[in-house]
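Each remark here refers to the structure printed beneath this line.
Every read-out reported here was derived from the displayed coordinates using simple, explicitly stated rules and does not represent laboratory data. Since this is a predicted model, take the numbers as computed values, not measurements. Cβ coordinates were reconstructed from backbone atoms using ideal geometry, including for glycine residues, and neighbour counts include every protein chain displayed.
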Amino acid sequence: MTSMKRRIFLKGTLATGAVGMAVSTGLLTPRTSFAAWSKAAFEAKDVSSALSSLYGASDMTSSDKISIKAPDIAENGAVVPVSVTTSIDGASSISIIADQNATPLTAEFILGPGTEGYVSTRIKMGKTANVIAVVKAGDKLYSSKKEVKVTIGGCGG
Amino acid sequence: MASIKMRANIADGVTTIKALISHPMDTGLVKDKKTGEVIPAHYIQEVVCKHKGNTVLTANWGPAVSKNPYLSFKFSGAAAGDTVSLSWVDNKGEKDSSDVTIK
């Protein structure tokens with residue numbers, strides 16, 4: 001009997017050990033503090049898990065206060081200029097997502113108190129996709145999207 | 001290593017920063033055409049812009065930001081003659097920073 005119990009005990013410690021490892025390496029815990037580069041979010045394979053890892057939630061309200069400036073047709077997917085402008089009060093973070101990329105989350109911009117709701121950059125797109133801009137204001141996420149047709153992919157295709 | 005080209009212009013109290021960074025931004029998905037070996041991922045993960053010790057913008061980037069990244073944004077609360085600094089760190093721990101005076 002004693003040996004049986006020991007077996008069960010060992011199994012139990014092994015299982016909790018694995019979970020503890022996952023938590024400590026940041027696989028399970030959503031990111032709580034800003035300014036830390038979120039490996040889980042940038043390696044996530046779909047939009048909702050990327051947002052969950054980044055913001056701790058993936059429920060978005062679509063908003064007409066976000067405008068995305070990007071070309072309708074991008075001839076070269078390696079360089080797609082994207083500008084996001086938002087007039088939402090208290091916007092603290094803007095993320096740019098290309099929903100058909102292998103890892104959709106492209107960039108996150110954390111805005112300081114005096115920073116306007118505007119960022120402009122250039123991104124790579126593997127194929128025709130929606131460019132989604134997600135804006136965090138308070139505890140809520142707002143989004144807007146624009147389709148960009150890509151004729152030559154920019155991710156090694 | 002001067003990898004950052006940056007400009008800061010002020011108009012009506014709003015400072016516009018435009019920056020270009022020289023960086024390969026390798027995704028880790030592309031194969032070298034000559035050797036057939038995968039080029040390892042090498043991309044900027046974090047860009048921080050500061051004005052008088054306050055962080056104006058933190059950009060967290062994945063590998064899908066284009067090669068030689070361009071970044072532009074606007075903020076208020078600065079004056080002409082102030083210094084703005086921009087720094088970046090990539091996934092290999094390489095980094096660079098640059099200061100520019102607002103005009």
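Peptide B:45-53 has a mean of 2 when you count, residue by residue, the C-beta atoms of other protein chains within 10 Å of its C-beta.
Of the peptides B:44-52, A:101-109, A:75-83, the order by per-residue mean of other Cβ atoms within 10 Å, starting with the highest, comes out as A:101-109, B:44-52, A:75-83. Working note: Cα atoms of chain B, range along each principal axis, descending, whole Å: 52, 22, 21. Modelled spin labels at A:Ser62 and B:Ser87, positioned 7 Å past Cα toward Cβ, are 4.2 nm from each other.
Dividing the mean sequence gap of close Cα pairs (under 8 Å, 6+ apart) by how many residues chain B holds gives a relative contact order of 33 percent. Here's how it looks for A:Gly117: its modeled amide H is under 5 Å from those of A:Thr86, which are all 5 or more places away or on a different chain. Computed from backbone phi, the HN-Hα couplings of region B:67-77 come to 4, 6, x, 10, 9, 9, 7, 10, 8, 10, x Hz, rounded to whole numbers (Karplus: 6.51 cos²θ - 1.76 cosθ + 1.60, θ = phi - 60°; Gly and Pro given as x). Relative contact order of region A:59-152, taken over Cα pairs closer than 8 Å and 6 or more residues apart, is 38 percent. In region A:59-152, the C-alpha radius of gyration followed by the widest Cα-Cα span (Dmax) gives 12.7, 39 angstrom. Under a model in which nothing but the beta-carbon of Lys, Arg (+1) and Asp, Glu (-1) is charged, region A:59-152 shows a dipole of about 220 debye around its Cα centre. Ordering A:Ser83, A:Tyr142, A:Gln100 by the projection of their Cα atoms onto the charge dipole of region A:59-152, which places +1 on the Cβ of Lys and Arg and -1 on the Cβ of Asp and Glu, puts A:Gln100 at the extreme positive end.
Per-residue Karplus couplings for region B:29-34, computed as 6.51 cos²θ - 1.76 cosθ + 1.60 with θ equal to phi - 60°, are listed in order as 10, 8, 9, 5, 5, 7 Hz, Gly and Pro entered as x.
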